[in-house]
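Visitor: Structure below; questions to follow.
Quick note: the coordinates plus some simple rules give every number you see, no bench work behind them. Please read all numbers here as calculations on a predicted model, not as lab measurements. Here the Cβ positions follow ideal geometry from the backbone for every residue, glycine too, while neighbour counts run over all protein chains shown.
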Amino acid sequence: MLILVVLIIGLARPRTTSRGETVYTEGIDIVLVYDISGSMLAEDLRPNRIEAAREMMMDFIDGRKNDRIGLVIFSGESFTQCPMTLDYRVLKNQLRAVKQGVIEDGTAIGMAIAQAVNRLKDSKAKSKVMILLTDGVNNRGEIDPLTATQIAQTFGIRIYTIGVGTTRGEAPFPVQTPFGIRYQNMPVDVDEKTLTKIAEMTGGQYFRATDNRTLKQIYKDIDEMEKTRIEVRAYRSYTELFYDWVWIGVIALTLEVLLSNTYLRKLP
């Protein structure tokens, strides 16, 4: 009976199964290009353009995984606030530290693009992306925005451009006076034509942010368009257990033969 039981179990071929997966990621290198010129203090976005943009960029960073991100800030000049990094905590700290007025005022869009290109040009990533946010017209710097865009195009860098400001023509702007801060309406002057051309030349897209809600949606849309590609390869491995049952059956059969012919031998 024992031989019969173990052989049936062995023929049923018991085995254990283990599962796993191998994940392959195709990272994206992204540079956030952040206008901190004086006009970004206008309050058509709340509490103002510069703070609204900072908040949305924080949310964008929180939504990324496996992508290197850098930060370039500009007004009359441009410089790298944070180099390309996977340490999002450091990146966000550097973003929080950005203050309006730390560099000469103006809007050097061409210089900002060139600075970001310098950060991306040697990247080995499959996708290289620049997200440029500004509220003005290029009026400073030695490099024209379209010339800088041609350089970006050469290195395969895609540029998304965001123009910030109401479409009502004017926006409230805080002005320091001897009697404290007063507000006066300043004209909104977003160079949509140039920003659109920059995006088109590099395969990106131009967006217009007229309030906090639309700005948040813009970063969400860009986030969806530039998702990291993840390829998952699943596998299974099996460990066969029937050998042990077969050996038990063989041993039991051997014992049965030996015992039936010796100790348990039947007498006639």
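Visitor: Take each complete run of DSSP H in the chain, measure how far its Cα atoms stretch along the helix's own axis, and keep only those covering 24 Å or more with mean Kyte-Doolittle hydropathy at least 0.0; list them.
Guide: Helices passing the filter in the chain: 242-261.
Visitor: Taking the chain, how much of its Cα-Cα pair set, in percent, is spaced more than 32 angstrom apart? Can you show the working numbers first?
Guide: On the way: 14824 of 35778 pairs.
Cα-Cα pairs of the chain separated by over 32 Å account for 41 percent.
Visitor: Where does the stretch 150-212 land on Rg/Rh, using Cα atoms and the Kirkwood Rh?
Guide: Details: Rg = 16.4 Å, Rh = 13.7 Å.
Dividing the radius of gyration by the Kirkwood radius yields 1.19.
Visitor: Evaluate the relative contact order of the chain (contact order divided by residue number), counting alpha-carbon pairs under 8 angstrom at least 6 apart; express in whole percent.
Guide: Details: 525 pairs, mean separation 73.9, N = 268.
Computed value for the chain: 28 percent relative contact order.
Visitor: Going through the stretch 129-204, which chymotrypsin sites (Phe, Trp or Tyr not before Pro) have at most 10 other Cβ atoms within 10 Å and a DSSP loop state? Please list the in-between numbers first.
Guide: Working: sites: Phe155, Tyr160, Phe179, Tyr183; in loops: Phe155, Phe179.
In loop regions of the stretch 129-204 (DSSP not H, G, I, E or B), the sparsely surrounded chymotrypsin sites (Phe, Trp or Tyr not before Pro) are Phe179.
Visitor: Taking Lys126 as the anchor, which lysines have their alpha carbon closer than 16 Å to its alpha carbon, excluding any fewer than eight residues away along the same chain?
Guide: Partners found: Lys65, Lys227.
Visitor: Quick one: the Cα spread of the stretch 1-145 along its three principal axes, in angstroms, biggest first?
Guide: Dimensions of the stretch 1-145 along the principal axes of its Cα atoms: 95, 34, 21 Å.
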